[in-house]
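Chemist: Take this structure first; my questions come after.
The values are calculated or read from the model by the stated rules, or taken from the named source; none is laboratory data. On a predicted model such as this, the values are computed, not experimentally measured, just so you know. Please note: Cβ atoms are built from the backbone with ideal geometry, for glycine as well, and neighbour counts cover all protein chains shown.
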Amino acid sequence: MAKEMIMTKVEDNSTSTKVKRGVLGVIINFALWFFSLTCIFPLIWMLYSSLKEKRVFNADIVGLPKEPTLANYTKILSNKDYRLMESVANSARTTILSVILIVLIAFIVGYILSRIDFPLNKPLYVMFLMGMLIPIHSLMVPIYIIFSKLNLSNHWYTLLMPYVSFALPMSIFLVEGFVKGIPIELEEAAAIDGSTFSKTLFGIILPVCKPILVTVAIINVFSCWNEFSFALILIKERALYTVPLGLRQFTGQFTSDYPKIMAAMLMTMAPIVIFYFAFSKQIIKGMVAGAVKG
Amino acid sequence: MLKSIRPKGWVVVAYLAVPVALYVFTVFAPLMAALFYSFFEWKGGPVKTFSGFANYAQLFSDEVFWSSFWHNIFLVVVCIIGQIGLAFIVVLLINSKVTKLQGIHRTFGFFPSTISAVCIGFIWQMIYDSKRGLLNWFLEAIGRPDKQKVWLNEPTLVMLLVSIPLIWQFIGYYMVILLSAVSSISTEVLESAEIDGATGIQRARYIVLPLIKNTLLVCITLCVAGNMKAFDNIYVMTSGGPGYSSMVMAMYGYKVSFEQSNLGYGSCISVGIFVLALAVIGGSQLLMNYCMTDRYDREEAKRLKQIEKERQRAVKARKAKA
């Protein structure tokens with residue numbers, strides 16, 4: 001009898017904990033979905049709202065469009081004054097060139113600083129590392145002054161210089177740390193086989209460093225595509241506007257036409273959003289590696 | 001290292017010359033330039049007059065500059081609590097056994113930190129908008145239209161309102177960093193704690209938190225550095241207004257230099273930003289080191305120092321004897 005009672009008690013206990021677990025699970029999952037949806041909601045809201053007309057949107061800002069129309073998109077694309085696609089092309093060119101340069105330079109400098117012993121090695125390393133500490137917004141005004149004095153503003157290559165330079169410290173640091181982990185026998189074997197320094201560098205070390213170079217590239221694709229403040233001060237010519245600059249015109253002129261702004265934003269965000277959702281796993285991994293090591 | 005791998009000197013120079021020149025030209029030359037021009041009265045035209053420390057004197061008594069500095073500090077504090085605190089909670093939730101579809105939460109949560117601050121600013125401007133904003137729509141939907149406001153025109157609220165998008169944007173960023181740290185904690189530790197009867201909150205406080213301390217420090221450093229340079233969001237959402245009530249340092253430097261074209265004073269503000277941001281980042285590092293060691297550690301370190309001192313004294317004395 002007593003034994004039975006204990007048994008039932010234990011069973012009771014386990015069902016109640018099971019219920020508790022179940023309730024807890026529902027709450028936790030619910031909270032997480034709430035969090036995730038708030039992160040993604042603006043994107044969804046913009047997606048369907050951009051299919052509404054201004055009049056419809058103003059009457060009901062959250063409802064789904066009853067008669068979806070692509071009018072906003074065609075209006076933006078057909079109007080030559082917006083030059084939105086031009087700014088997308090500018091951003092793409094700046095981003096691609098910057099990232100190629102960053103990866104290439106970070107690889108070469110990171111490798112040399114990590115492996116080759118020469119008198120200026122330490123000072124150069126410290127100099128590049130110091131760049132990570134410098135608050136870049138304190139450079140805005142003086143960079144503007146220098147660039148406009150030397151007539152370097154308003155060219156297709158203008159933005160490459162700050163973008164590459166500001167990305168170098170962290171990128172070099174990442175490459176340098178990675179190269180340290182490569183066994184030196186690799187280069188020794190290559191040297192014995194008669195490979196020159198440059199041949200070894202690009203033919204043997206470069207493929208080995210691929211993972212870290214991909215990380216460097218990923219981090220900088222986002223920062224270059226999204227960069228705003230230096231583009232703002234260095235680029236005054238409409239034909240050279242990058243995406244963040246091009247978007248600015250939509251707030252001033254059409255503050256009331258939200259669906260149109262949304263359509264413009266979605267079109268300019270599209271490349272980066274597609275890139276993100278296609279490779280989100282690698283991107284997140286790369287960003288974490290960059291943040292934690294840098 | 002074999003001698004034969006060593007490249008010739010000119011090869012190294014050839015590889016390094018361009019990167020180093022570029023880097024010095026865009027990072028160190030401007031710093032020097034800012035320092036140089038900060039001693040001049042210069043409105044951007046051909047006339048430049050040397051004015052000694054006049055700009056610095058103005059900077060020290062410039063209430064707008066100091067209030068924008070405090071706004072930066074406000075952002076730092078709010079974002080450390082909001083971003084890292086909330087991210088930590090989300091990480092604990094994601095890491096619990098009952099959670100399903102962790103990958104989706106991670107992908108969605110990280111999404112906002114990949115889009116540009118300009119877009120984020122626009123989106124939140126639409127949310128705060130007085131006539132067609134989501135916030136006022138929501139207030140009306142729950143039957144509190146009396147609480148509706150022209151949100152970004154409220155001087156007392158505006159700093160809080162501009163910090164919410166910042167927090168929202170970067171929760172996911174800190175979430176994935178913390179998540180990678182938490183998932184490297186061995187499950188055995190957590191399981192044995194569970195067997196010993198530790199509740200979820202106790203496990204979070206006494207096991208997870210100490211084990212991810214270093215990652216947490218990285219996050220806080222990133223957060224401090226990130227918010228000392230807040231600019232894009234604020235430029236888009238308020239431009240520092242209404243009045244100066246949401247002004248931050250970078251925004252003020254921009255306004256003075258490019259809207260009032262006062263480049264001399266703007267350079268001086270740049271130097272100010274440089275010094276203050278470095279001081280805050282350095283100060284926060286010291287503070288964190290202090291907070292993260294407890295009294296026992298500190299006394300231990302003191303004792304070790306004392307012993308080392310005595311040892312050196314003894315060594316010196318012995319040398320003197322010899």
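Chemist: Does any residue in the range B:109-132 that is of a type in the set (Lys, Arg) come within less than 7 Å, Cβ to Cβ, of a residue that is in a helix (DSSP H, G or I) and surrounded by fewer than 23 Cβ atoms within 10 Å (Cβ to Cβ) six or more places away or on a different chain, and which pairs are these?
Modeler: Close Cβ pairs satisfying both conditions: B:Arg132/A:Asn58.
Chemist: Let me ask something else about it. Restricting the search to the range A:89-126, which residues are crowded, with 18+ Cβ neighbours inside 10 Å, more than 14 Å from A:Val216 (Cα to Cα) and under 16 Å from the mean Cα position of the chain (by Cα)?
Modeler: Listed by number, the residues that qualify are A:Ser91, A:Thr94.
Chemist: Still on this structure, please answer the following. Quick one: how many residues across the range B:240-265 are among the polar types (S, T, N, Q) and either touching a helix residue (DSSP H, G or I) at 6+ places or on another chain (Cβ under 6 Å) or more than 19 Å from A:Ile235 (Cα to Cα) (or both)?
Modeler: Selection size over the range B:240-265: 4.
Chemist: Next question, about the same structure. Have a look at B:Ser257, B:Ser284, B:Ser239 and point out the one that is modelled with pLDDT of 85 or more, among the polar types (S, T, N, Q) and over 23 Å from B:Asn55 (Cα atoms).
Modeler: Result: B:Ser284 is the single residue among B:Ser257, B:Ser284, B:Ser239 that is modelled with pLDDT of 85 or more, among the polar types (S, T, N, Q) and over 23 Å from B:Asn55 (Cα atoms).
Chemist: What number of residues within the range A:96-154 satisfy the criterion of being touching a helix residue (DSSP H, G or I) at 6+ places or on another chain (Cβ under 8 Å) and either more than 8 Å from chain B (Cβ to nearest Cβ) or not in a loop (DSSP other than H, G, I, E, B) (or both)?
Modeler: 40
Chemist: Restricting to the range B:267-322, give me the number of residues that are under 27 Å from B:Cys223 (Cβ atoms) and either in contact (Cβ under 8 Å) with a residue 24 or more places away in the chain or among the aromatic types (Phe, Trp, Tyr) (or both).
Modeler: Qualifying residue count for the region: 15.
Chemist: Moving to a separate point now. Name the single residue, out of those in the range B:46-75 being part of a loop (DSSP other than H, G, I, E, B) and of a type in the set (A, V, I, L, M, F, W, C), that is nearest to B:Leu166 (Cα to Cα).
Modeler: B:Phe53
Chemist: Pull up the range B:19-35, narrow it to residues that are without any contact (Cβ under 8 Å) to a residue 40 or more places away in the chain and over 25 Å from the mean Cα position of the chain (by Cα), then point me to the one that is farthest from the other protein chains (Cβ to nearest Cβ).
Modeler: So, considering only residues that are without any contact (Cβ under 8 Å) to a residue 40 or more places away in the chain and over 25 Å from the mean Cα position of the chain (by Cα), the one farthest from the other protein chains (Cβ to nearest Cβ) is B:Ala21.
Chemist: Further question on the same structure: What pairs come out if I take residues in the range B:235-252 that are over 14 Å from B:Val64 (Cβ atoms) and pair them with residues that are among the aliphatic types (A, V, I, L, M) whose C-beta lies under 6 Å away, six or more apart or interchain?
Modeler: The qualifying pairs are B:Val236/B:Val118; B:Met237/B:Val162; B:Thr238/B:Leu152.
Chemist: Filter the range B:106-138 down to the residues that are farther than 18 Å from A:Met267 by Cβ and hydroxyl-bearing (Ser, Thr, Tyr), then identify the one that is nearest to the other protein chains (Cβ to nearest Cβ).
Modeler: Checking each candidate, the answer is B:Thr107.
Chemist: A further question on this structure: Might you let me know whether the range B:196-208 holds any residue that is out of contact with any helix residue (DSSP H, G or I) (no Cβ under 6 Å at 6 or more places or on another chain), without any contact (Cβ under 8 Å) to a residue 60 or more places away in the chain, surrounded by fewer than 14 Cβ atoms within 10 Å (Cβ to Cβ) and hydroxyl-bearing (Ser, Thr, Tyr)?
Modeler: Yes.
Chemist: Given the options A:Leu37, A:Leu124, A:Leu24, name the one that is without any contact (Cβ under 8 Å) to a residue 40 or more places away in the chain and either of a type in the set (S, T, N, Q) or in the same structural domain as A:Ile272 (by TED's automatic domain parsing) (or both).
Modeler: From the options A:Leu37, A:Leu124, A:Leu24, the qualifying one is A:Leu124.
Chemist: Select from the range A:142-191 the residues that are without any contact (Cβ under 8 Å) to a residue 60 or more places away in the chain and of a type in the set (Gly, Ala, Ser) and list them in ascending order.
Modeler: The answer is A:Ser148, A:Ser165, A:Gly181, A:Ala189, A:Ala190, A:Ala191.
Chemist: Among the numbered criteria (1) crowded, with 16+ Cβ neighbours inside 10 Å; (2) within 9 Å of chain A (Cβ to nearest Cβ), which one does B:Val275 miss?
Modeler: For B:Val275, the failing item is (1).
Chemist: For the range B:84-113, give me each residue that is small (Gly, Ala, Ser) and either on the phi > 0 side of the Ramachandran plot or part of a helix (DSSP H, G or I) (or both).
Modeler: Once the filter is applied, which keeps residues that are small (Gly, Ala, Ser) and either on the phi > 0 side of the Ramachandran plot or part of a helix (DSSP H, G or I) (or both), the range B:84-113 yields B:Gly85, B:Ala87, B:Gly103, B:Gly109, B:Ser113.
Chemist: Exactly one condition in (1) without any contact (Cβ under 8 Å) to a residue 40 or more places away in the chain; (2) within 19 Å of A:Ile102 (Cβ to Cβ); (3) in contact with a Pro (Cβ under 9 Å, 6 or more places away or on another chain); (4) not acidic (Asp, Glu) is false for A:Asn226; which is it?
Modeler: Only one criterion is unmet by A:Asn226, namely (1).
Chemist: Within the group A:Leu133, A:Leu77, which residue is more than 30 Å from B:Gly282 (Cβ to Cβ) and out of contact with any Phe, Trp or Tyr (no Cβ under 9 Å at 6 or more places or on another chain)?
Modeler: A:Leu77
Chemist: Name, by its number, the condition in (1) facing chain B (nearest Cβ under 9 Å); (2) in contact with a helix residue (DSSP H, G or I) (Cβ under 6 Å, 6 or more places away or on another chain); (3) not aromatic (Phe, Trp, Tyr) that does not hold for A:Gly290.
Modeler: Status for A:Gly290: all satisfied but (1).
Chemist: Select from the range A:183-223 the residues that are more than 13 Å from chain B (Cβ to nearest Cβ) and either over 14 Å from A:Val103 (Cβ atoms) or among the charged types (D, E, K, R) (or both) and list them in ascending order.
Modeler: Within the range A:183-223, A:Gly203, A:Val208, A:Lys210 qualify.
Chemist: Does A:Thr251 satisfy the criteria of being among the polar types (S, T, N, Q), in contact (Cβ under 8 Å) with a residue 12 or more places away in the chain and within 8 Å of chain B (Cβ to nearest Cβ)?
Modeler: It is false that A:Thr251 is among the polar types (S, T, N, Q), in contact (Cβ under 8 Å) with a residue 12 or more places away in the chain and within 8 Å of chain B (Cβ to nearest Cβ).
Chemist: To continue, here is another question. Could you list all residues from the range A:268-280 that are surrounded by fewer than 16 Cβ atoms within 10 Å (Cβ to Cβ), more than 8 Å from every other protein chain (Cβ to nearest Cβ) and in a helix (DSSP H, G or I)?
Modeler: Once the filter is applied, which keeps residues that are surrounded by fewer than 16 Cβ atoms within 10 Å (Cβ to Cβ), more than 8 Å from every other protein chain (Cβ to nearest Cβ) and in a helix (DSSP H, G or I), the range A:268-280 yields A:Ala270, A:Ile274, A:Ala278.
Chemist: Quick test for you: out of A:Pro207, A:Pro183, A:Pro211, A:Pro162, pick the one residue that is not acidic (Asp, Glu) and not in a helix (DSSP H, G or I).
Modeler: So the residue among A:Pro207, A:Pro183, A:Pro211, A:Pro162 that is not acidic (Asp, Glu) and not in a helix (DSSP H, G or I) is A:Pro183.
Chemist: Being part of a helix (DSSP H, G or I) and surrounded by fewer than 17 Cβ atoms within 10 Å (Cβ to Cβ) is the filter here, so list the residues in the range B:156-189 that pass it.
Modeler: B:Leu160, B:Ile164, B:Thr187, B:Glu188, B:Val189
Chemist: Name, by its number, the condition in (1) more than 9 Å from chain B (Cβ to nearest Cβ); (2) within 28 Å of A:Leu43 (Cα to Cα); (3) surrounded by fewer than 22 Cβ atoms within 10 Å (Cβ to Cβ); (4) of a type in the set (A, V, I, L, M) that does not hold for A:Ala264.
Modeler: (3)
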